[in-house]
Amino acid sequence: MATARFGHTATLLANNTVLLTGGNDGAGAISQAELWDGAFTGAGSLTTARENHTATLLLSGKVLLVGGLNGGSPIVSAELYDPATGAFTVVGAMATARQRHAAVLLNDGTVAMIGGQGTGAPLSGADIFNASTNTFAAAPGSMAGPRDGLTANLLASGKVFVAGGVDATGNPVAGAEILDPAAGTFSLSGLLATARTQHTATLLQSGNVLLVRGLVQTASTASAELLDPQDGLSPSSPTPPSPHPWEPCAPRPASPPPPPSRPTCSTSG
């Protein structure tokens with residue numbers, strides 16, 4: 001890349017190029033964007049320098065950039081990138097400044113921004129972006145507790161599965177919740193086997209969600225969990241069922257030694 005960065009976003013566009021935006025170059029948040037299509041080229045600048053933000057590909061093919069960190073504080077602003085023109089334009093602001101939040105494209109084309117770190121504390125609420133009006137509105141409901149560094153997955157039902165994160169005391173969260181976009185409310189879904197944050201969450205074709213690694217208190221964890229969000233987080237065993245995917249994989253036991261060879265009898269004529 002032309003600019004070193006971390007805390008940036010990378011979004012695959014409809015034309016099979018990748019848009020990289022913002023991040024931190026070691027001195028603070030940056031506004032530079034780049035495109036990759038086998039090589040990196042400059043793609044202009046965001047309207048606002050930001051890191052720890054989210055980038056969501058909309059149904060229109062545009063990319064929505066929301067929130068993040070600028071100057072040490074979370075921000076409320078958002079902008080759209082249009083691949084057809086290569087331009088970034090400002091859209092409406094969120095009701096609440098946030099960074100390290102989760103962003104999910106919903107089935108109706110709206111985008112839910114969930115949780116994250118606000119000004120001095122994690123958040124329990126959500127903002128919904130309306131792509132038709134380019135405006136935000138606060139969701140009527142809130143999670144049972146605040147969390148940032150969480151994950152969110154859109155389920156086949158159209159609801160959103162939210163897992164993990166860090167609470168207001170700095171401790172990893174074991175609780176999981178379901179966002180119902182139609183009602184704009186959250187409901188408890190169950191408890192993870194391991195409270196974790198900064199993990200990954202992957203929706204599988206089976207409808208289960210695979211949570212992998214992350215941080216537990218101040219240390220990383222090697223554990224993983226395979227959960228069924230539609231069934232109260234019941235662990236779901238793949239085939240074959242061992243080792244259980246929601247527990248750290250144990251090393252295979254050593255194979256037993258082969259039986260001693262039978263002595264060969266020789267006969268003399």
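Taken together, the values in this text are just the output of simple stated rules run on the coordinates, not laboratory data. Everything quoted here is computed from the prediction, not taken from an experiment. Virtual Cβ from ideal backbone geometry, glycine too; neighbours counted across all protein chains shown.
Things worth noting here:
- All C-alpha pair distances within the range 136-233, sorted into 5 Å bins from zero, spread as 3, 14, 26, 25, 19, 10, 4, 1 percent across the bins.
- Building the convex hull from the alpha-carbon atoms of the chain and averaging its projection over directions returns 21.7 nm².
- Available extension along the chain between residue 191 and residue 85 is 33.6 nm, counting 0.36 nm per residue and deducting the alpha carbon span.
- Summing Cβ point charges (Lys, Arg +1; Asp, Glu -1) relative to the Cα centre of the chain gives a dipole of roughly 560 debye.
- Inter-probe distance in nm under a simple model that places probes 7 Å from Cα toward Cβ, at residue 135 and residue 16: 4.0
- The base-10 log of I(q)/I(0) for the range 1-85, evaluated at q = 0.16, 0.19 Å⁻¹, reads -0.54, -0.76 [Debye formula, identical scatterers on Cα atoms, solvent excluded].
- Report note on the peptides 88-99, 8-19, 206-217: ranked by the mean count of other C-beta atoms within 10 Å, highest first, their order is 88-99, 206-217, 8-19.
- By average C-beta atoms within 10 angstrom, highest first, the peptides 192-199, 127-134, 48-55: 48-55, 192-199, 127-134
- Reducing the range 24-43 and the range 83-107 to their Cα centroids gives an inter-centroid distance of 18 Å.
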